[in-house]
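Heads up: the structure comes next, in structure tokens.
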Amino acid sequence: MNNLIKVQSPLIKRDITILRNVETNTEQFRNALSRITFVMASEISKSFEVEEIDVQTPLEVTTGYLIKKQIVLVPVLRAGLSMIQPFLDMIPNAKVGHIGLQRDENTLLPIDYYYKTPKELPGAKTILLDPMLATGGSAVAAFNYLKEKGAKDCILACLIAAPEGVEKMHREHPEIPVYTASLDRELNSNGYILPGLGDAGDRTFGTF
Ligand code: PRP
Ligand code: URA
């Protein structure tokens, strides 16, 4: 799984535990998800290229830095929405696209219902945001669309990944790095990640 980057720390481990716990309420869930995403944004930003500029301090001119490429964040609705703000806290000038996908409960295949992406995709670094990578169907479909729109430099940011999803991403989009806070054991027969955290959308938005 050489496209997989595990982002781990004691604080992330603690927050993943909060996400997994069935007793965690919606507010605690959102807060823990936000904290992990913030750390993930920082980790992913290590891959950004910078360009040098001159900056005038009150005393002299020195070297400063700009992020070279426009960053485009693309949350997969619904659960990916909760990952936008922590990324925007780090990258306030990021553009944001949206992709609406919902898994069919029987086939587990993604059904698309919404697309809106910025025109800057071809020259940008595009980060797809979705807390769950299960079968990988949604992420692969999202990247198929983003590539059709010209995206070339892409990253997937998820929080919990199943081996099945990582393998599918590797087969279909081998050049795209997959960042995750946890690589879980497997999928159950309903396509849920084990041990996982349940339905990320429902737990984020309180729609049980
Ligand atoms: C969840 C999750 C991913 C998808 C992952 O969304 O947020 O988008 O499932 O599963 P996959 O890797 O097998 O495609 P869901 O379809 O439940 O939609 P929701 O966020 O609107 O609840
Ligand atoms: N989507 C979720 O929200 N949770 C899973 O475990 C799998 C897909």
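The values are calculated or read from the model by the stated rules, or taken from the named source; none is laboratory data. In this text the structure is predicted, and so the values were computed from the model without any measurement. With ideal geometry, Cβ positions are generated from the backbone for all residues, glycine too; neighbour counts draw on all protein chains shown. Remember, those area values only see protein heavy atoms, side chains included, never the ligands or the DNA or RNA. Shrake-Rupley method; radii C 1.70, N 1.55, O 1.52, S 1.80 Å.
Observations on the model:
- Flag if LYS46 is more than 16 Å from ligand 2 (Cβ to nearest atom), exposed (fewer than 11 other Cβ atoms within 10 Å of the Cβ) and among the basic types (Lys, Arg): yes
- Filter result (hydroxyl-bearing (Ser, Thr, Tyr) and either more than 9 Å from ligand 1 (Cβ to nearest atom) or under 19 Å from MET40 (Cβ atoms) (or both)) within segment 105-152: THR107, TYR113, TYR114, TYR115, THR117, THR126, SER138, TYR145
- Residues of segment 1-25 classified as part of a strand (DSSP E or B) and among the basic types (Lys, Arg), total: 1
- From PRO163, PRO174, residue being of a type outside the set (Asp, Glu), over 24 Å from GLU120 (Cβ atoms) and more than 14 Å from ligand 2 (Cβ to nearest atom): PRO174
- Of the residues making up segment 172-208, those that are crowded, with 16+ Cβ neighbours inside 10 Å, more than 12 Å from ligand 1 (Cβ to nearest atom) and of a type in the set (A, V, I, L, M) are ILE176, ALA181, LEU183.
The rows are residues; the columns are (1) surrounded by 15 or more Cβ atoms within 10 Å (Cβ to Cβ); (2) under 13 Å from the mean Cα position of the chain (by Cα); (3) among the polar types (S, T, N, Q); (4) modelled with pLDDT of 95 or more.
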site: ASN25; (1), (2), (3), (4): no, no, yes, yes
site: SER34; (1), (2), (3), (4): yes, yes, yes, yes
site: GLU52; (1), (2), (3), (4): no, no, no, yes
site: LYS68; (1), (2), (3), (4): no, no, no, yes
site: MET90; (1), (2), (3), (4): yes, no, no, yes
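- For segment 105-159, a residue qualifies if it is open to solvent by less than 40 Å² (accessible area, probe 1.4 Å), part of a loop (DSSP other than H, G, I, E, B) and within 15 Å of ligand 2 (Cβ to nearest atom), and the qualifying residues are LEU108, ASP130, PRO131, ALA134, THR135, GLY136, CYS158, LEU159.
- Test: residue in segment 161-171 that is open to solvent by 10 Å² or more (accessible area, probe 1.4 Å), in contact with a strand residue (DSSP E or B) (Cβ under 6 Å, 6 or more places away or on another chain) and either aliphatic (A, V, I, L, M) or more than 11 Å from ligand 1 (Cβ to nearest atom) (or both): no
- Residues considered: LEU133, LEU183, LEU159, LEU128. Of these, the only one that is closer than 24 Å to LEU19 by Cα, modelled with pLDDT of 95 or more and out of contact with any Pro (no Cβ under 9 Å at 6 or more places or on another chain) is LEU133.
- Some residue of segment 187-202 being more than 11 Å from ligand 2 (Cβ to nearest atom), among the small types (Gly, Ala, Ser) and within 17 Å of the chain's Cα centre (by Cα): no
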